[in-house]
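What follows is a single structure, written as structure tokens, with notes after it.
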Amino acid sequence: MGILDFLTGEFIDVIHWTDDTNDTMVWRFEREDHEIKYGAKLTVREGQAAVLVHEGQLADVFTPGLYQLETNNMPIMTTLQFWDHGFESPFKSEVYFVNTTRFSDLKWGTKNPIICRDPEFGPVRIRAYGTYEIKVIDAARFMSEIVGTDGEFTMDEISYQIRNIITSQFSAAIAGSGVPVLDMAANTLDLGKLLATKISPALAEYGLEMRNLYIENISLPPKVEEALDKRTSMGLAGNLDQFMQYSAAEAMSTAAANPQGGGGMGAGLGMGMGMAMAQQMGGPWGQRPAAAPAAAPPPPPPPPLEKVWHVAESGETKGPFSRAAMGRMVGQGSLGRETLVWTAGQDGWKKAADVMELAQLFTVMPPPPPPGA
């Protein structure tokens, strides 16, 4: 192999990129410090764009097609290098391939609830999530604003920033749409188009375009949804009196259709419910019943139960005795201050003098007469 053949083999003369991933947006052609041969073949496939960067400056952009890198199709590169039309030496440049296909099924969602004013419920907090589609429409701007010198730029590296833009625009779009919360589910398609329209100018500054945005769900806090469910249930029930009459009629029909359940119990139950419903609906012939007499006053409460005691004497338990009986026993001398007594709710046996209700019995009785009196 001659020296010319060796040098020729060191120069890159075929430049292309095939992508086998689903999220690569930009890929740099790795040349490993090899120079690009003047007149090399550059293949740009459909769904791609090639960007030449020379000494840190963005030069030419190539759309899909087959190119031979010469001065006639690299005008910006020629200007940067001050090349003459006869220049045929190799040159060093970086080639970035940009994926211009549509990236779809990208997820977005509100991290925290968004507070908005509903025309019917007032201030409410809502959450939302869905998907969107995005595409690179200006490879040069996308390279200069987002990618920089990243050799392999994926969708994950920019999705977080796009989700923040969607969330900020979502709250503004919802607040300005005037659509009630209860009607948002029927207007998710229009809200998605409105969001995409508002977000597109912000993405255009990065060389991107949002083709579609879909809202899959808009939800309220769990407690608010429970309150809405209760309100819906009340609306379905309608007039409560009519609902009770309907329920009674259904039960009567069910009981009459099952005469074997307990002999004549089904018929009796149906007759009783029919009479009750007839009275509620205004009598057997649709007449209003006479006014019911005034309700009698409630009976007085029963008197409280009298407290009784048991007495321990000579290893035996006697009683129960009422307080009056205990007083007579004190007067007779058969109940003393040291006598052990017990009543329900009392913690164990106690001396009679230590029980408040019985201690008073000893204070009203005179002491025993002195001996010899």
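Assorted remarks:
- Under Karplus coefficients 6.51, -1.76 and 1.60, residue-wise ³J(HN,Hα) of the range 93-103 in Hz, glycine/proline x: 8, 9, 10, 10, 9, 10, 7, 9, 6, 7, 8
- The Cα center of the range 98-176 and the Cα center of the range 179-204 differ in position by 12 Å.
- Each other residue within a Cβ distance under 15 Å of G109 adds +1 if Lys or Arg and -1 if Asp or Glu, for a net charge of +3.
Each value in this text was obtained by applying a stated rule to the coordinates, not by laboratory testing. Since the model is a prediction, treat every value here as computed from it, not as a measurement. Here the Cβ is made from the backbone with ideal geometry for all residues, glycine too, and neighbour counts use every protein chain on show.
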